[in-house]
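The values are calculated or read from the model by the stated rules, or taken from the named source; none is laboratory data. As the structure is a prediction and not an experimental result, all values here were calculated from the model. Glycine also receives a Cβ, built like all others from the backbone with ideal geometry; neighbour counts cover every protein chain displayed. Heads up: the accessible areas ignore ligands, DNA and RNA and are worked out on the full protein's heavy atoms, side chains in. Shrake-Rupley method; radii C 1.70, N 1.55, O 1.52, S 1.80 Å.
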Amino acid sequence: MIAVSKLKPLNDIIALNRPPHNHIDFGENYLQELQQKAELFAKLPSSAQEGSATETQSQSTSITERIRWHFIGALQTNKCKPLARDVQDLWCVSSVDSSKKADELEKGRRELAEKGGDSVPKLNIHIQVNTSGEDSKSGVEPSDTAALCQHVREKCPHLHLLGLMTIGAIARSQASTTSETVNEDFEKLVEVRNSVVKELGVEEDSLELSMGMSADFEAAIAAGSGEVRVGSQLFGERPARGDAKVKEDVEESKS
Ligand SMILES: *Cc1c(COP(=O)(O)O)cnc(C)c1O
């Protein structure tokens, strides 16, 4: 499960990262917000350093493990390079829907690898598929998905193709809250995956599916999702983008 923390303060993330939850996978939609959170989080004392700290109370800001950040938001081509190069502990970009964006991510990751040597892991990605056919939705067309997957595998040595992702139609998502109802977007993504693995000649389970959000994660799991992205169900309603604050709560908790 990706805990989708966009527009929520860093303190909400810290609360879920600490024992007893120890959650490490968090999803964000906006580059600047992600960069701020990743930087602030990385500066917090880690649990490994806790023994030397003078504080004994659970008040300490110690964290359990490093976070694996997931970028799940709409991806702009000009943001791809800084995203792949500059965000600390970025684990996966789940919204790649063109070869141009893949190439820019590849460039950013390559620059990072040239500085960091062997210690820089490949950047995981999902190809986002437009399963609902709505013009407003980002994502590559189902029929173009195999070619894009092929492009990433052959032309982007610093990226690792994890699987396919879809958001799907909001109406279907809201209608489908149980594991019994069938959601056409989820069925479509399964179908696309099956044809992609055939075309690429790889094992079916070598491409995972990222589908399902607060309203429909049960149906998504029933349909074969390997990763759900849950936000409001975990953290509550999100504030408007203009009202969102990364740091407010952190400052308060120090005083
Ligand atoms: C915001 C967001 C989510 C989480 O949505 P909730 O309905 O709050 O669970 C999941 N996936 C993507 C791509 C999102 O942008």
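I'd like to check something: does segment 236-249 contain any residue that is in contact with a Pro (Cβ under 7 Å, 6 or more places away or on another chain), more than 15 Å from residue 27 (Cβ to Cβ) and modelled with pLDDT of 95 or more? Taking every residue of segment 236-249 in turn, none turns out to be in contact with a Pro (Cβ under 7 Å, 6 or more places away or on another chain), more than 15 Å from residue 27 (Cβ to Cβ) and modelled with pLDDT of 95 or more. The C-beta contact set for segment 152-172 (first residue in contact (Cβ under 8 Å) with a residue 40 or more places away in the chain, second residue of a type in the set (Val, Ile, Thr) and more than 16 Å from the ligand (Cβ to nearest atom), distance under 9 angstrom, 6+ apart or interchain) comprises 153/202; 158/120; 159/152; 161/152; 164/145; 164/192; 164/196; 166/192. Does segment 216-233 include one or more residues that are β-branched (Val, Ile, Thr), at pLDDT 95 or above and open to solvent by less than 70 Å² (accessible area, probe 1.4 Å)? Among the residues of segment 216-233, at least one is β-branched (Val, Ile, Thr), at pLDDT 95 or above and open to solvent by less than 70 Å² (accessible area, probe 1.4 Å), which makes the answer yes.
The set of residues from segment 113-146 being touching a residue at least 40 places away in the same chain (Cβ under 8 Å) and open to solvent by 40 Å² or more (accessible area, probe 1.4 Å) comprises just one member, 138.
Residues in segment 11-44 that are assigned to a loop (DSSP other than H, G, I, E, B) and at negative phi: 9 in all.
If you go through segment 188-205 and keep only what is in a helix (DSSP H, G or I) and either within 16 Å of the ligand (Cβ to nearest atom) or open to solvent by less than 50 Å² (accessible area, probe 1.4 Å) (or both), you end up with 189, 190, 192, 193, 196, 197, 200. Count of segment 206-231 residues, restricted to those that are without any contact (Cβ under 8 Å) to a residue 40 or more places away in the chain, under 16 Å from the mean Cα position of the chain (by Cα) and either away from the ligand (no atom under 15 Å from the Cβ) or more than 16 Å from residue 169 (Cα to Cα) (or both), is 1. Quick check on segment 17-43: of everything there that is within 14 Å of the ligand (Cβ to nearest atom) and of a type in the set (A, V, I, L, M, F, W, C), which residue is most open to solvent (accessible area, probe 1.4 Å)? By that ranking, first place goes to 31.
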